[in-house]
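*Asks:* Provided herewith is a single structure, encoded as structure tokens, for subsequent inquiry.
The values are calculated or read from the model by the stated rules, or taken from the named source; none is laboratory data. Just so you know, these numbers come straight off a predicted model, no measurement behind them. Here the Cβ positions follow ideal geometry from the backbone for every residue, glycine too, while neighbour counts run over all protein chains shown. For accessibility, only protein heavy atoms count, side chains too; no ligands or nucleic acids. Shrake-Rupley method; radii C 1.70, N 1.55, O 1.52, S 1.80 Å.
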Amino acid sequence: MAENKVLATVAGRDITEKDIDNVIAGYPAEDQAKMQNPTVRNKIMEQLISTRLFAMEAREKKLDETEEFEDLLEKLKDEVLGQMMVTEIVKDLKISEAEEREFYEKNKDQFVTEPDVSAKHILVDSEDKALDIKKEIESGSITFEEAARKHSSCPSKERGGDLGYFQRGQMVPEFENVAFAAEVGVVTDPVATQFGWHLVLVNDKRPVRAITFEEAQEMIHNRLMRTKQKEVYVQELNRLSEKYKATRA
């Protein structure tokens, strides 16, 4: 199991890679992959830090002892209980593979992908360090993956620097321009971004292509599930409005 790396500490409490993973897990499945890039993960970390800092200051000023805080807690209880009930009514919903295949066949024009690349990278804090690492790799004294684990400051180091496949717009421009222009299997010269200096190794490039059912199945499943959940939600909402005599002014 990969180490749960500590990224920051606020008032003695750690913020870790797992904390960021938990935030990402709260987003739709089809969005989670692109949220793994260093830019987004760094933004999430900064949000967690700022939230904790303001919360600590609020406690010091005893805002958690005010009547306003108690009122907000009561409102939050309704929100949490309401969400728990929504979860309860949709938890047993199922989508069959037959439904997924039917949707795929009727909407094939939607299942095409933009050009993408699969790449690994090593992130360090200076151009000179990046050049030294590149020389080591090209001499054969260390592999790119070993160098990533040893030197990179990006969480992807645990995967030998592997970032998986990505399209344009998912990475910072300086990085993706180099990745899309690079020759497969050749370590690039160092490239500077706001995060530091990167060495990039492109593993594969894929042109525009049709997405197979197997590749699209999870996305289709999630889309159909959201549709079915919405239908059940509306039905239950109407039933409860009648049961508890909800009226609108």
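Conditions (1) over 22 Å from Met219 (Cα atoms); (2) open to solvent by 60 Å² or more (accessible area, probe 1.4 Å); (3) without any contact (Cβ under 8 Å) to a residue 40 or more places away in the chain; (4) not polar (S, T, N, Q), marked per residue:
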position: Asp19; (1), (2), (3), (4): yes, no, yes, yes
position: Gly26; (1), (2), (3), (4): no, yes, yes, yes
position: Ala29; (1), (2), (3), (4): no, no, no, yes
position: Ile44; (1), (2), (3), (4): yes, no, yes, yes
position: Gln47; (1), (2), (3), (4): yes, yes, yes, no
position: Thr51; (1), (2), (3), (4): yes, yes, yes, no
position: Met56; (1), (2), (3), (4): yes, yes, no, yes
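*Asks:* Does Thr193 count as among the hydroxyl-bearing types (Ser, Thr, Tyr), surrounded by 17 or more Cβ atoms within 10 Å (Cβ to Cβ), touching a strand residue (DSSP E or B) at 6+ places or on another chain (Cβ under 8 Å) and touching a residue at least 12 places away in the same chain (Cβ under 8 Å)?
*Replies:* Answer is no for this residue.
*Asks:* Within segment 132-185, track down each residue that is without any contact (Cβ under 8 Å) to a residue 60 or more places away in the chain, polar (S, T, N, Q), open to solvent by less than 80 Å² (accessible area, probe 1.4 Å) and within 16 Å of Val202 (Cβ to Cβ).
*Replies:* Correct list: Thr143, Gln167.
*Asks:* Quick one: is Val6 without any contact (Cβ under 8 Å) to a residue 24 or more places away in the chain and surrounded by 15 or more Cβ atoms within 10 Å (Cβ to Cβ)?
*Replies:* Considered against the rule, which asks whether it is without any contact (Cβ under 8 Å) to a residue 24 or more places away in the chain and surrounded by 15 or more Cβ atoms within 10 Å (Cβ to Cβ), Val6 comes out as no.
*Asks:* Could I ask something else about it? For residues in segment 75-124 being modelled with pLDDT of 95 or more and part of a strand (DSSP E or B), which is farthest from the chain's Cα centre (by Cα)?
*Replies:* Ranking the qualifying residues of segment 75-124, first place goes to Val124.
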